[in-house]
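What follows is calculated from the coordinates using simple rules that are stated; it is not laboratory data. Note that the coordinates shown come from a computational prediction; the quantities given were computed from them, not determined experimentally. Quick reminder, even Gly has a Cβ in these numbers, built from the backbone with ideal geometry, and neighbours come from all protein chains shown.
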Amino acid sequence: MEKKLSVDHLLGIKYLTKGDIELILSTADYFKKVLQQPIRKVPSLQDTTIANVFFENSTRTRLSFELAEKRLSADVVNFSASSSSVSKGETLIDTVNNILAMKVDMVVMRHPNPGASMFLAKHVKSKIINAGDGAHEHPTQALLDAYSITRKFDVPHLKGKKVVIVGDILHSRVAISNIYCLHRLGAEVMVCGPTTLIPKHISALNVKVEHNLRKALEWCDVANMLRIQLERQDIKYFPSLREYTMMYGVNKQLLDSLGKEITIMHPGPINRGVEITSDVADSGQSIILQQVENGVAIRMAVLYLLSGKSTIGG
């Protein structure tokens, strides 16, 4: 396994090798142990300044990154531009100039436009981490999802595992990043949802497509349930949320009728009663809270590895 990442930035799973992903997951193991100690902090990124630049509202991802940065002893600067009405080009150029002026070492950025993190990487010397760019990619979510599956089954890779991603595939950066990441680790991937929410050329990514939820659940070992992203839908893709829930929502009765136990995941935030019911989200088959916990360890691993520090303790 490589000792360092093959990339200078984390712009998307698409640009990572299998070795990169395995290195991030194994490094996360170390940081997960750190997070379980009485003193949950290491000096790995002391004297490193990290800017969190969010042009879209975010609670979970921003807090997870901020916690990861502070656990690594980094200096943290938070910049929120989610309410800005400035056009994309001007906003990003302004951001570039601000980052250069602040002498920031690393930038974690979320932006509504695909490719924004790549644009930034070309204009600043800082290390760039994509925290979500439009409906393009969300690499750290895919990494923490893959990490959560490998640790749930206590396996080093996902060869032979079957994972179905259910819901709004069309608008989901989580789905695309997950497909790339799961494939790199050897898993079989299926997408499931209404025809209107499945991209036309998704089969080009070597995934199975299923429109019947029961068939998809009977096939899989793991079901990753996506939120319906109404804020990204400029037209109606299905008649009503009630009808969507009847066709693609998972409840305990459905799970119990499968004749096998599958693992339930969700990147959050959960629309309880829409894609999954509360008794599913809070059941023993759900690893949703483990995903949240693993997210901090994965982000610590990514920040540390991109920093280029020679020793894990600082």
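If you take every residue apart from Gly308 with its C-beta less than 12 Å away from the C-beta of Gly308, what net charge results, scoring Lys and Arg +1 and Asp and Glu -1? Once positives and negatives cancel, what remains is +2. Listed by chain and number, the lysines whose C-alpha is less than 19 Å from the C-alpha of Lys18, apart from same-chain residues fewer than 8 away, are Lys3, Lys4, Lys159, Lys161, Lys162. Every helix of 4 or more DSSP H residues in the chain counts as -39500 (n - 2.57), and over all residues that averages to -12000 deg cm²/dmol at 222 nm. When each of His157, His201 is scored by the number of other beta-carbon atoms lying within 10 Å, the sequence from fewest to most is His201, His157. Multiplying the residue separation of Met246 and Lys70 by 0.36 nm and subtracting their alpha-carbon distance yields 59.1 nm. The angle separating the long axis of helix 173-184 from the principal Cα axis of greatest extent in the chain is about 90 degrees.
Taking Cα atoms, how many degrees apart are the long axis of helix 88-102 and the longest axis of the chain, rounded to 10 and kept between 0 and 90? Taking the Cα atoms of the chain, the angle to 88-102 is about 40 degrees.
Considering only alpha-carbon pairs that sit under 8 angstrom and 6 or more positions apart, the relative contact order computed for region 139-291 is 24 percent. Cβ-Cβ distance of Asp256 and His211, R₀ of 22 Å, FRET efficiency by 1/(1 + (r/R0)^6): the value works out to about 0.45. Of all lysines in the structure, the ones whose alpha carbon falls short of 21 Å from that of Lys122, not counting any fewer than 8 places away in one chain, are Lys14, Lys88, Lys103.
Can you sort Asp47, Asp75 from fewest to most other Cβ atoms within 10 Å of each residue's own Cβ? Intermediate values should be presented prior to the final figure.
Numbers: Asp47 10, Asp75 15.
By the 10 Å Cβ count, ascending, the order reads Asp47, Asp75.
When Tyr248, Tyr180 are arranged by Cβ crowding within 10 Å, least crowded first, meaning fewest neighbours, the order is Tyr180, Tyr248.
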